[in-house]
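The values are calculated or read from the model by the stated rules, or taken from the named source; none is laboratory data. Source: prediction; values computed, not measured. Heads up, the Cβs are rebuilt from the backbone with ideal geometry, glycines too, and the neighbour counts pull from every protein chain shown. Accessible surface is based on the protein model in full, side chains and every heavy atom, while ligands, DNA and RNA are left aside. Shrake-Rupley method; radii C 1.70, N 1.55, O 1.52, S 1.80 Å.
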Amino acid sequence: MLEKMKNEWLGQFENENTRKQYRVTLDQFENFVGEGVSGYFEGLEWKDFWEDLQGFWKSLLDKAPKTQNNRVRVIKLFFKDHGIEIPDPQWGKFRRRRMRASRPQTQDRAGRKEEWRRIILNMASPQGRALYLTLLSTGARVGETLQIRIDDVDFDSDPARINLRAEYTKGGVGDRTVFLTDEAESMLKSYLGWRKGKKNAAGVAYDETDELFPFTQQTAREMLYNALERAGLDSRDRRTNHREIHTHSTRKFFRSNCGLGEALTHAIMGHREYLDSSYLRVDPDRAAREFRENMDNLKIFGGESS
């Protein structure tokens with residue numbers, strides 16, 4: 001009953017990464033209340049749930065505000081969908097008075113070309129180098145990129161392009177095309193050659209999967225963090241002790257350096273409000289030409305540091 005209730009609810013969400021994050025949050029709430037949600041529901045009144053939800057929120061005070069707020073909202077949504085709803089006046093008062101603004105605490109940054117060059121060179125394997133050059137080139141989220149299949153990549157186009165399907169994207173906002181710089185394309189081809197006959201860290205043979213990068217977000221983060229340490233770039237925010245350069249920095253780098261028009265930049269990055277109106281959708285070849293003309297802006301090894 002417990003797993004059925006959770007699985008049926010999680011099955012409503014198309015994005016695999018969303019389902020994983022929501023499951024982790026549900027597991028955390030169960031650990032907090034000391035029982036599974038199916039048993040917890042027996043005789044449950046909204047006032048009792050409201051008290052526990054506020055306690056759960058307090059237990060997450062060590063998290064970034066955005067993480068803390070999102071996890072509480074996931075639990076609220078789950079119980080609302082199962083008939084236990086917090087009245088709007090109580091929720092609104094709590095949200096205004098208690099929930100911290102969902103803005104990043106850490107003073108993170110995009111990283112300069114010279115820094116990313118050092119980071120890429122200090123990656124221990126071709127898979128890390130290929131992943132992060134792809135991220136820097138496309139502005140895609142790491143969660144999206146780790147769902148790409150090999151046949152989503154079109155090496156015959158100029159520039160090479162990747163089809164990010166709707167089910168890969170945040171909120172399932174719709175498919176979009178992203179592009180590869182020459183150096184990202186070259187590294188990706190080299191990596192695909194390197195992985196033949198090999199297995200990933202979980203013991204799965206690369207030849208038996210059609211995933212381009214068959215590993216988890218945690219593995220992707222560890223690749224970056226290890227390279228940061230070897231490169232001497234593992235600087236931390238003084239207040240939070242979180243790294244200033246992390247996986248999301250690749251999107252900041254793309255946005256800061258791509259040199260594309262605002263609408264096309266946002267559309268390539270998958271911002272919902274720009275996708276339908278941008279010619280990325282209506283004329284991807286035109287978008288490809290603009291990307292190719294500005295490609296050098298995103299190359300890590302193709303110019304001076306900036």
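Residues of the range 36-64 with the amide nitrogen closer than 20 Å to a label point 7 Å from the Cα of Q90, along Cα-to-Cβ, please. Of the residues in the range 36-64, 37-60 have backbone N under 20 Å from the label point off Q90.
Solvent-accessible surface of protein heavy atoms, probed at 1.4 angstrom with all chains present, puts F155, F215, F78 in the order F155, F215, F78, largest first. Only protein heavy atoms count here; under a 1.4 Å probe, T169 has an accessible surface of about 0 Å².
In the context of the full protein assembly, S235 retains an accessible surface of approximately 40 Å², using a probe radius of 1.4 Å and ignoring ligands and nucleic acids. Potential lengthening of the chain between S235 and N7 amounts to 78.1 nm, from the contour at 0.36 nm per residue minus the alpha-carbon distance. For the pair D210 and R98 in one chain, pulling the backbone fully straight at 0.36 nm per residue adds 35.8 nm over the alpha carbon distance.
Which percent of the Cα-Cα distances in the range 1-98 go past 16 Å? For the range 1-98, the fraction of Cα-Cα distances above 16 Å is 55 percent. In this structure the range 113-298 gives 45 Å² per residue of accessible area when probed at 1.4 Å with all protein chains present. Share of carbon and sulfur in the accessible area of the chain stands at 43%, probe radius 1.4 Å. Using every pair of distinct Cα positions in the range 38-176, the Kirkwood expression returns a hydrodynamic radius of 19.0 angstrom.
If you plug the beta carbon distance of A202 and R281 into 1/(1 + (r/R0)^6) with R0 = 35 Å, you get a FRET efficiency near 0.45. Beyond 32 Å, the tail of the calculated P(r) for the chain holds 36 percent of the Cα pairs.
Between R118, R251, R238, the Gaussian network model of the chain with springs among Cα atoms under 10 angstrom shows the greatest mean-square fluctuation at R238.
Here the relative contact order of the range 44-200, from alpha carbon pairs under 8 Å that lie six or more residues apart, stands at 16 percent. A simple spin-label model places the labels of E273 and V33 3.6 nm from each other, with each point 7 Å out along Cα-to-Cβ. Take the chain, connect every pair of alpha-carbon atoms lying under 10 Å apart with a spring to form a Gaussian network, then pick out the residue of N17, N241, N70 with the largest mean-square fluctuation. Of N17, N241, N70, the Gaussian network model singles out N241 as fluctuating most.
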